[in-house]
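J.: One structure coming up, written as structure tokens, with questions to follow.
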Amino acid sequence: MFFLGGAATAPHQKRRVSLVISGGVVVTVDRDRRILDPGSIAVDGDRIVAVDRPEMIANTFEAHESIDARGRAVMPGLINTHTHAPMVLYRGLADDLSLMEWLQKYIFPAEAKTVSPEFVRAGTRLAALEMIRSGTTTYADMYYFEEEVAAATKNAGLRAVLGQTIVQFPAPDAKSPADGLNRAEQFIQTWQRDDLISPAVAPHSMYTLDRRALLACRDLGVRYGVPVLIHLAETRDELRLSRKAHRASPTAYLESIDFWRPRTVAAHGVWVSQPDIAILKRRGVGVSHNPESNMKLASGIAPVVQLRGAGVPVGLGTDGAASNNDLDMFEAMRQASFLAKLDTRNPRTLSASEAIAMATIEGARALGMDRDLGSLEPGKKADVILVSLAAARQTPVYHVVSHLVYVTRGDDVQTTIVNGRIVMREGKVQTLQEARVLAEARTMADRVRAAVR
């Protein structure tokens, strides 16, 4: 130790952290949309503690484990704001149909014959495998036997907002809305303090529930302070039915019965007017935009530009793989951008940067989770993905954000980290036995085939 002017100077002590990711192109999606090329991230436990240049991180931190991210983009984990995870087992069962025909003639009958706790477990494991492989770290779900979805999601190491679905007619796990609400309350009580699972209540839609049931769902969400997830104004048929029954749009009808509360997420929002958008803004409702499902079912084009311009938080969703037909959020980003450009006839509409924001920080904001998720910043949860930039179709790289939206596919993701835990490393999923998951899904598909003949 040396002394100068009577003061002692101690050697620099590095802080010990659990993980350092170094050398990649770090796309922060923070308020300033910083891109560090190269950059590094220090993680301690489940939180990010620093994002900076590699030399600064190396000089400040000593890591228990390091990941060399050179040749890769490092970005926040993707947030899928609307899906039905177990429905991957209906992928390709019925295609090229409108929503109501698809639901009423194929999906609802298939669900009545095949959905069970075992079906939901197998479907969720398959969905989790697909999401981990394609960079989704958080997803919002509405389905039946949601306790099985939660257990399978937790075991896979993913983060999720999971809503127990309530419908008016007998469902696979509940004979009535009252039964569904009882199940939802038990589900909330079981999972409300979990570090990965955020329970929710999920009234299916205003056209599959009466006023009393809708308000009971609202009250349950308010009582426990959990999100409410609902389909909203997905098709022109829904708009027509609502006007005929209530002389109001779906959004206005729900407003008239005092349904809307903060932490409500409305999926689709295709057929919303300017007055509807004003209601959603005033009520603090988040919207999940599902461009691929909306296009495939010919449901329409959501007014994303108007919603975002009004200050409504809009995230991206894939919808279920039965209507998409995948859970790839990179594809959702690309199609959202293309669809908005086509709709407005303006190539500047919904830029690559805005599309990434919708899949990350804006999705987190729509779910009411942006204090913890959606960007790479100190203090936020360590949900991070590493994306290869080495493929032939990705060469050369001039603008990394452009490549992530207009070129990248889910299978370019190499490493997925959730809550500071590496759930996929260099393309190998750590939390699921892939061969077993696929075999289980194929067995379940055989049962679906036999049931729907």
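J.: Mind checking whether some residue in segment 2-18 is within 26 Å of the chain's Cα centre (by Cα) and surrounded by 17 or more Cβ atoms within 10 Å (Cβ to Cβ)? Let's see the steps before the verdict.
T.: Narrowing segment 2-18 to residues within 26 Å of the chain's Cα centre (by Cα): none.
Among the residues of segment 2-18, not one is within 26 Å of the chain's Cα centre (by Cα) and surrounded by 17 or more Cβ atoms within 10 Å (Cβ to Cβ), which makes the answer no.
J.: Of a type in the set (A, V, I, L, M, F, W, C), in the same structural domain as residue 163 (by TED's automatic domain parsing), touching an Asp or Glu at 6+ places or on another chain (Cβ under 6 Å) and buried (at least 19 other Cβ atoms within 10 Å of the Cβ), is that true of residue 280?
T.: For residue 280, the condition - of a type in the set (A, V, I, L, M, F, W, C), in the same structural domain as residue 163 (by TED's automatic domain parsing), touching an Asp or Glu at 6+ places or on another chain (Cβ under 6 Å) and buried (at least 19 other Cβ atoms within 10 Å of the Cβ) - is not met.
J.: Which of the following residues is of a type outside the set (S, T, N, Q), in contact with a Phe, Trp or Tyr (Cβ under 6 Å, 6 or more places away or on another chain) and in a helix (DSSP H, G or I): 130, 147, 118, 111?
T.: 147
J.: Spot the failing condition for residue 211; the list is (1) crowded, with 20+ Cβ neighbours inside 10 Å; (2) of a type outside the set (Gly, Ala, Ser); (3) farther than 27 Å from residue 113 by Cβ, and only one is missed.
T.: If we test residue 211 against (1) crowded, with 20+ Cβ neighbours inside 10 Å; (2) of a type outside the set (Gly, Ala, Ser); (3) farther than 27 Å from residue 113 by Cβ, just (1) comes out false.
J.: Any idea which of 213, 171, 245 is more than 30 Å from residue 358 (Cβ to Cβ) and modelled with pLDDT under 95?
T.: 171
J.: Scanning segment 53-98 for residues that are touching a strand residue (DSSP E or B) at 6+ places or on another chain (Cβ under 9 Å) and of a type in the set (S, T, N, Q), which turns out surrounded by the fewest Cβ atoms within 10 Å (Cβ to Cβ)? Quick ask: steps written out before the conclusion?
T.: Filtering segment 53-98 for residues touching a strand residue (DSSP E or B) at 6+ places or on another chain (Cβ under 9 Å) gives 53-58, 60-87.
Cutting the leftovers down to of a type in the set (S, T, N, Q) gives us 60, 66, 80-81, 83.
Details: 60: 18, 66: 15, 80: 30, 81: 32, 83: 30.
Here the residue is 66.
J.: Output the residues belonging to segment 402-418 that are surrounded by fewer than 20 Cβ atoms within 10 Å (Cβ to Cβ) and either under 19 Å from residue 46 (Cβ atoms) or more than 18 Å from the chain's Cα centre (by Cα) (or both).
T.: Listed by number, the residues that qualify are 402, 406, 407.
J.: Within the group 39, 71, which residue is of a type outside the set (Phe, Trp, Tyr) and on the phi > 0 side of the Ramachandran plot?
T.: 71
J.: How many of the residues making up segment 141-155 are under 15 Å from the mean Cα position of the chain (by Cα), of a type in the set (A, V, I, L, M, F, W, C) and under 19 Å from residue 432 (Cβ atoms)?
T.: 2
J.: Assess whether residue 112 counts as being aliphatic (A, V, I, L, M) and modelled with pLDDT of 95 or more.
T.: So residue 112 does not fit the description; no.
The values are calculated or read from the model by the stated rules, or taken from the named source; none is laboratory data. Because the structure is a prediction, the values reported are computed rather than measured. Methodologically, a virtual Cβ is constructed for each residue, glycine included, from the backbone with ideal geometry; neighbour enumeration extends over all protein chains shown.
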